[in-house]
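**Student:** Submitted below is the structure of interest, expressed as structure tokens.
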Amino acid sequence: MVERTLVIVKPDAVERNIATRILSMIEASGLRLVSIKSLRLGKEDAMRFYYVHKDKNFFDSLTTYMSSGKVVVGVFEGEDAIARVRKIMGATDPKKAEEGTIRKLYGLDIEKNSIHGSDSVESAKFEISFFFSEFELD
Ligand code: IDP
Ligand code: MG
């Protein structure tokens, strides 16, 4: 199925000037970059975005971190885009991520793991519309 997925290059990676290097790895896999922008989330925005994790013990730290600096958000499209991006990202904890994945290469720790990618069709829909309006998604 042709899908769209939302990617966030997280503050740790933007700060180290490796945002486009990371996005290039996804483009190189054949997925099409539909839309892209750079912005800084407020704490409240980050809390809304990560609402599913509101009861986790890392929620406060995660949302503080995600609002600590600029992020680059992008939408990628292609056959099975959601799973393909998750595969290129690697496991949540960089220490457990496969060789050659973005998190293995660039992630600093389980929180500052350089990239977010949607995990389902439903979350992709919510996450894409969180950041992008219809006229940015042609
Ligand atoms: P995912 O990003 O691989 O889908 P999730 O479990 O959805 O992982 O967690 C969302 C984000 O929350 C992670 O990418 C990471 O930044 C942070 N996170 C997840 N687990 C932990 C943890 O145990 N400690 C600190 N931060 C965490
Ligand atoms: Mg997740």
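The values are calculated or read from the model by the stated rules, or taken from the named source; none is laboratory data. In this text, all values refer to a predicted model and were calculated from it rather than measured experimentally. Every residue, glycine among them, receives a Cβ derived from its backbone with ideal geometry; neighbour counts consider all protein chains shown. Quick note on the areas: whole protein, heavy atoms, side chains included, nothing else; ligands and nucleic acids left out. Shrake-Rupley method; radii C 1.70, N 1.55, O 1.52, S 1.80 Å.
**Student:** If you scan region 11-26, which residues turn out to be open to solvent by 10 Å² or more (accessible area, probe 1.4 Å) and either hydroxyl-bearing (Ser, Thr, Tyr) or under 16 Å from residue 119 (Cα atoms) (or both)?
**Tutor:** If the condition is that a residue be open to solvent by 10 Å² or more (accessible area, probe 1.4 Å) and either hydroxyl-bearing (Ser, Thr, Tyr) or under 16 Å from residue 119 (Cα atoms) (or both), then 20, 24 are the ones that fit.
**Student:** Does region 105-138 hold any residues that are open to solvent by less than 100 Å² (accessible area, probe 1.4 Å), among the acidic types (Asp, Glu) and more than 10 Å from ligand 1 (Cβ to nearest atom), and which are they?
**Tutor:** Selection gives 127, 136.
**Student:** Could you tell me whether region 90-99 includes any residue that is touching a Pro at 6+ places or on another chain (Cβ under 8 Å) and either surrounded by 22 or more Cβ atoms within 10 Å (Cβ to Cβ) or assigned to a loop (DSSP other than H, G, I, E, B) (or both)?
**Tutor:** Within region 90-99, none of the residues are touching a Pro at 6+ places or on another chain (Cβ under 8 Å) and either surrounded by 22 or more Cβ atoms within 10 Å (Cβ to Cβ) or assigned to a loop (DSSP other than H, G, I, E, B) (or both).
**Student:** Pairs under 8 Å by beta carbon, first residue part of a helix (DSSP H, G or I) and of a type in the set (Val, Ile, Thr) in region 103-127, partner surrounded by 14 or more Cβ atoms within 10 Å (Cβ to Cβ) and modelled with pLDDT of 95 or more, six or more apart or different chains?
**Tutor:** Listed pairs, sorted by first residue: 121/3; 121/82.
**Student:** Checking the structure you have, find out if any residue of region 22-44 is within 14 Å of ligand 2 (Cβ to nearest atom), at pLDDT 95 or above, over 20 Å from residue 4 (Cβ atoms) and not in a helix (DSSP H, G or I).
**Tutor:** Taking every residue of region 22-44 in turn, none turns out to be within 14 Å of ligand 2 (Cβ to nearest atom), at pLDDT 95 or above, over 20 Å from residue 4 (Cβ atoms) and not in a helix (DSSP H, G or I).
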